[in-house]
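Asks: Here it is, the structure, as structure tokens.
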Amino acid sequence: SVFDFFASGCMALPVLMNIKQVIEQRQCSGVWTHKDELPIEIELGKKCWYHSVFACPILRQQTSESNPPMKLICGHVISRDALNKLTNAGKLKCPYCPMEQNPSDAKQIFF
């Protein structure tokens with residue numbers, strides 16, 4: 001809800017103001033180079049956790065508990081169903097790079 005986002009902002013604001021002050025005092029403005037990222041993680045508590053949605057780029061389906069996102073050893077992420085469909089003779093060739101790998105080396109990831 002809107003209130004939850006507002007409450008999250010209120011909880012994070014003191015930490016952000018402190019970071020801003022430290023960066024200005026130490027004259028290290030280059031540390032925070034991107035407007036869409038924070039230089040630190042801010043703990044907001046479990047009530048402010050939100051689940052990201054991941055859609056498999058191969059099957060174009062949203063992942064789920066029964067079809068979770070899987071990170072290949074090359075770093076690319078696909079769904080478990082896509083991993084199973086792309087496996088041939090016990091080997092998997094990443095659909096994004098030429099790396100051939102063992103499907104059992106893929107690790108489930110959590111967002």
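Asks: Return the long-range amide H neighbours of LEU44 (sequence gap of 5 or more, or a different chain), with a cut-off of under 5 Å between placed amide H atoms.
Replies: The answer is none.
Asks: Using a 1.4 angstrom probe and counting only protein chains, how large is the accessible area of ARG80 in Å², to 10?
Replies: Per-residue accessible area (ARG80): approximately 80 Å².
Asks: Straight distance only, please: which lysines reach the Cα of LYS85 with their own Cα at less than 21 Å, same-chain residues fewer than 8 apart left out?
Replies: LYS71, LYS93, LYS107
Asks: Residues with amide H under 5 Å of SER79's amide H, sequence separation 5 or more or different chain, H placed in the peptide plane at 1.01 Å from N; which?
Replies: Distant-sequence amide H within range of SER79: ILE58, LEU59, MET70.
Asks: Report the local net charge at SER8: Lys and Arg +1, Asp and Glu -1, summed over other residues whose C-beta lies under 13 Å from its C-beta.
Replies: Charge balance in the 13 Å sphere: 0.
Asks: Quick query: amide H of MET99 versus all other amide H atoms, modeled in the peptide plane; which residues come in under 5 Å with a sequence gap of 5 or more or a different chain?
Replies: CYS94
The values are calculated or read from the model by the stated rules, or taken from the named source; none is laboratory data. Just so we're clear, the structure is a prediction, and the values are computed from it rather than from any experiment. Here the Cβ is made from the backbone with ideal geometry for all residues, glycine too, and neighbour counts use every protein chain on show. When the accessible area is computed, the model is the full protein with side chains, heavy atoms only, and any ligands, DNA or RNA have been set aside. Shrake-Rupley method; radii C 1.70, N 1.55, O 1.52, S 1.80 Å.
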